[in-house]
Amino acid sequence: MKERSDEKKVFEHEFGDVLKEAKSYEKRCFAKKRWGGDPILIVVDSALDSIGLNYFRIVVPRVKRFNEKYILGDVITSFEDFSKHSPDDNGFLEILKNKRAWGVAINVCNVLNVLGKEKNLKDDFEALRNWANAADYNKWKDDAIGKINGVGLITFQYLRMQAGVDTSMPDKIIKKAAKDYFGLEAKSDIEFIGEMEKLSNIIGYSQILICWVIWLAESDLSLT
């Protein structure tokens, strides 16, 4: 990896155009306000993103449709409600025809619902946050959510970020930008996450912000 003495200047120069917008998303994550602070939408977002669809053009509009139909319509009001549904639900498949993605969302909600009850947590967001804080990406395959079919390390990390944990995810867009602009390379995705933490400490910006900046810079669209 190349020397990093000027990386903060490089970061601000290359991503200055989207830095302000990225900070607004960073703030939402840390303030527990991602998707309005609705933990169900956070899970749906992460699950739909897990199958490699274009995030801004496909995932975001479908999360909004889910919100309109199921959350605002009071059809699904909790992790427990969601966990009782099936990936075959026609309403789900009208929003996105992919049973695997809905299966991920349902199973994540089931795990978090059980966790919340076992620990007597006050609400679903606290269950999500409690899991995200305690989860260890080094041991993600042994985690109850990591064991869910369809949940890889990227989804595991993205869900934690959405819950406000300052970490990063090794998706191809972030890895390419990290290499192109900062010479950051790693032998594994686990190692990459550790290197992103080091980069964050050096340039003085959170890992969440770095990820948002890269996503926004690589897209012509903004995220709601």
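Kindly indicate whether Lys99 is more than 18 Å from Asn149 (Cβ to Cβ), surrounded by fewer than 17 Cβ atoms within 10 Å (Cβ to Cβ) and touching a residue at least 12 places away in the same chain (Cβ under 8 Å).
Considered against the rule, which asks whether it is more than 18 Å from Asn149 (Cβ to Cβ), surrounded by fewer than 17 Cβ atoms within 10 Å (Cβ to Cβ) and touching a residue at least 12 places away in the same chain (Cβ under 8 Å), Lys99 comes out as no.
Please go through (1) under 16 Å from the mean Cα position of the chain (by Cα); (2) modelled with pLDDT under 95; (3) within 30 Å of Asn201 (Cβ to Cβ) for Cys29 and return the number of the only condition it doesn't satisfy.
In the conditions (1) under 16 Å from the mean Cα position of the chain (by Cα); (2) modelled with pLDDT under 95; (3) within 30 Å of Asn201 (Cβ to Cβ), Cys29 misses (2) alone.
When the stretch 160-208 is examined, which residues are found to be closer than 18 Å to Ala22 by Cα, surrounded by 14 or more Cβ atoms within 10 Å (Cβ to Cβ) and of a type in the set (Gly, Ala, Ser)?
Selection gives Ala163, Gly164, Ser168, Ala177, Ala178, Ser200, Ser206.
I'm trying to understand the selection: among the residues of the stretch 87-139, which are touching a helix residue (DSSP H, G or I) at 6+ places or on another chain (Cβ under 6 Å) and of a type in the set (Asp, Glu)?
Asp124 - this is the single residue of the stretch 87-139 that is touching a helix residue (DSSP H, G or I) at 6+ places or on another chain (Cβ under 6 Å) and of a type in the set (Asp, Glu).
How many of the residues in the stretch 20-60 are closer than 25 Å to Ile106 by Cβ and out of contact with any helix residue (DSSP H, G or I) (no Cβ under 9 Å at 6 or more places or on another chain)?
Counting residues in the stretch 20-60 that are closer than 25 Å to Ile106 by Cβ and out of contact with any helix residue (DSSP H, G or I) (no Cβ under 9 Å at 6 or more places or on another chain) gives 3.
Quick check on the stretch 97-120. Is at least one of its residues farther than 30 Å from Ile210 by Cα, modelled with pLDDT under 95 and small (Gly, Ala, Ser)?
Within the stretch 97-120, not a single residue is farther than 30 Å from Ile210 by Cα, modelled with pLDDT under 95 and small (Gly, Ala, Ser).
Just one of the numbered conditions (1) under 17 Å from the mean Cα position of the chain (by Cα); (2) of a type in the set (A, V, I, L, M); (3) assigned to a helix (DSSP H, G or I) is not true of Leu115; which one?
So Leu115 meets the others, but not (1).
Tell me which residues, restricted to the stretch 53-76, are surrounded by 13 or more Cβ atoms within 10 Å (Cβ to Cβ) and of a type in the set (S, T, N, Q).
Asn67
The values are calculated or read from the model by the stated rules, or taken from the named source; none is laboratory data. Since we're looking at a predicted model, the values are computed, not measured. Using ideal geometry, Cβ is built from the backbone for each residue, glycine included, and neighbour counts are taken over all protein chains shown.
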